[in-house]
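Below is one structure, written out as structure tokens, with a few remarks after it.
The values are calculated or read from the model by the stated rules, or taken from the named source; none is laboratory data. Please read all numbers here as calculations on a predicted model, not as lab measurements. Positions of Cβ are generated from backbone atoms using ideal geometry, with glycine treated the same way; all protein chains shown enter the neighbour counts.
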Amino acid sequence: MYRIGLTGGIGSGKSTVAQLLVAWGASVIDADALARSLTQPGGQAMPAIARAFGSRAVQADGAMDRGYMRQQVFQDAAKRHQLEQILHPLIGQAMQGAAAAATGLYLVYDIPLLVESLARYRPIMNRICVVDCEETEQIARVQARSGLSVQAVRQIMSTQASRQQRLAAADDVIFNGIGITLAMLEERVRQVHENWLQLIGQQKEQ
């Protein structure tokens, strides 16, 4: 199946793009959703997280304490790497299972940190699509939806690839920045979607 890697910085609108693609027949694998399932009560990653980070990393219901872990990993690169070493292999296994079951027109891997792990993902993707917007707009959107401070949002952004790094890795760019309405975004996504269908058709003819 034709594989698209979809990525974008926090607040870029990547999830909205993924929802549009699903509506038009794509199968989407959401890496964040898989990570949440692994860290919910009884989640496959929880025993290793508890061993690595202690009881404070686990809520009373057995789920990962996201607030505590956010503080830990955004302030300490070694701890962030430790958490990634636990989660990434499990997410990879879950992705393989979801990909095998996919029946859409093409397969979209919705991966926030795709560019940060480009060596892992580039070889298995036909295209990489970046949802792009200005950094100031990212901050404003995340503040509006989560109430985080500017400093907290910038701290999250500092752990992600830069805008320039994402754009350098992109085969397709969907701009969703200042002044872009939902209708405008939908048209931009439709154009990319139709281009992918053409590429898939050409590939089948070869």
For region 169-193, which positions are surrounded by fewer than 13 Cβ atoms within 10 Å (Cβ to Cβ) and not acidic (Asp, Glu)?
ILE178, GLY179, THR181, LEU182, ALA183, MET184, GLN191
Long-range neighbours under 8 Å by Cβ, at least six apart or interchain, first residue within 19 Å of ASP32 (Cα to Cα) within region 49-73, second modelled with pLDDT under 90 and exposed (fewer than 15 other Cβ atoms within 10 Å of the Cβ):
VAL73/THR159
Tabulated pairs, region 144-170, first without any contact (Cβ under 8 Å) to a residue 24 or more places away in the chain and assigned to a helix (DSSP H, G or I), second acidic (Asp, Glu) and surrounded by 15 or more Cβ atoms within 10 Å (Cβ to Cβ), C-beta under 9 angstrom, 6+ apart or interchain
ARG154/GLU135
Output the residues belonging to region 113-133 that are exposed (fewer than 14 other Cβ atoms within 10 Å of the Cβ) and either over 17 Å from ASP32 (Cβ atoms) or touching a Cys at 6+ places or on another chain (Cβ under 7 Å) (or both).
ALA119, ARG122, PRO123, ILE124
